[in-house]
Amino acid sequence: MRRQLFAIQASIILLLGATIQAAPPVTTTPAPPTRAYTAAATPAQPGIDVSGLFSVNKAQPGSVLQGAVILRIPDGYHINSNRPTNKFMIPTSVRVFPPRGVRVGPVRYPRANVRSFGFAPDERLPVFEGAPAMRFDVTVPAGFKQDKLRMRVVVAYQACSDETCFRPAERDITLSLDVAGADEEVQRVNGHIFGRGRRR
């Protein structure tokens, strides 16, 4: 009996040894090296300041005043005019949203500069540079009861350098002006934008 058990154990050991020897060696394939992708450097959008002014220090109910949006464009950059001659250029636009009862006239854009640039050397394009002012008239009704005249203004533009144009941008600002009392005198201000005129 013992001889039979010994023979069975020996057979099992021999079978296990043969299986281990027949098993293929396990190999580890190194992972392929990871490539580092670097995005191409994109020039930053120029910092264009957008602000607003009025022609008077206070809004008189029952009167007409002027407002303006001023864009201050850094040297070496420009924005397209409101009427670009190239269909691929995004026009500059100013939209004014007055409160109920207040009327705003059409926006008057300044005269554009006509120039050629490196990205379009064969074209002469109308552009705004420096500090263009977009003006508009504001009619305040006689029954206006609010203590402040607030208007939302949305300015859309596309800035460019001599070599490239950037993605179109949009700025949203609020213009605010105190409202004068019935007997309060109103002074004309910001003559460098609206011209020197009489008091309103």
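The values are calculated or read from the model by the stated rules, or taken from the named source; none is laboratory data. Since we're looking at a predicted model, the values are computed, not measured. Cβ placement follows ideal geometry from the backbone for every residue including glycine, while neighbour counts extend to all protein chains displayed. SASA here: full protein model, heavy atoms, side chains in, ligands and nucleic acids out. Shrake-Rupley method; radii C 1.70, N 1.55, O 1.52, S 1.80 Å.
For segment 166-176, check the following and say yes or no: at least one residue is surrounded by fewer than 19 Cβ atoms within 10 Å (Cβ to Cβ), touching a His at 6+ places or on another chain (Cβ under 9 Å) and in contact (Cβ under 8 Å) with a residue 60 or more places away in the chain.
no
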Q. Within segment 116-163, how many residues are open to solvent by 60 Å² or more (accessible area, probe 1.4 Å), of a type in the set (D, E) and in contact with a Gly (Cβ under 6 Å, 6 or more places away or on another chain)?
A. 2
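Could you check segment 75-107 and list, in sequence order, the residues that are within 23 Å of L175 (Cβ to Cβ), in contact with an Asp or Glu (Cβ under 9 Å, 6 or more places away or on another chain) and surrounded by fewer than 16 Cβ atoms within 10 Å (Cβ to Cβ)? Quick ask: steps written out before the conclusion?
Going through segment 75-107, the residues within 23 Å of L175 (Cβ to Cβ) turn out to be 79, 81-82, 91-107.
Subset that is in contact with an Asp or Glu (Cβ under 9 Å, 6 or more places away or on another chain): 79, 103-106.
Answer for segment 75-107, where residues must be within 23 Å of L175 (Cβ to Cβ), in contact with an Asp or Glu (Cβ under 9 Å, 6 or more places away or on another chain) and surrounded by fewer than 16 Cβ atoms within 10 Å (Cβ to Cβ): R103, G105, P106.
Taking segment 55-74 as the region of interest, how many residues are on the phi < 0 side of the Ramachandran plot, open to solvent by 20 Å² or more (accessible area, probe 1.4 Å) and among the small types (G, A, S)? Break it down into steps so the answer makes sense when it comes.
Kept after step one, since they are on the phi < 0 side of the Ramachandran plot, are these residues of segment 55-74: 55-61, 63-74.
Filter once more, keeping what is open to solvent by 20 Å² or more (accessible area, probe 1.4 Å): 57-58, 60-61, 63-64, 66, 72, 74.
Of the ones still in play, those that are also among the small types (G, A, S) are 63.
Of the residues in that region, 1 qualify.
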Q.
So, in segment 64-107, how many residues would count as being touching a Lys or Arg at 6+ places or on another chain (Cβ under 6 Å) and part of a loop (DSSP other than H, G, I, E, B)?
A. 0
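So if I check each of L175, L149, which one is farther than 21 Å from I48 by Cα and part of a strand (DSSP E or B)?
On the way: L175 fails: farther than 21 Å from I48 by Cα.
After applying the criteria, what remains is L149.
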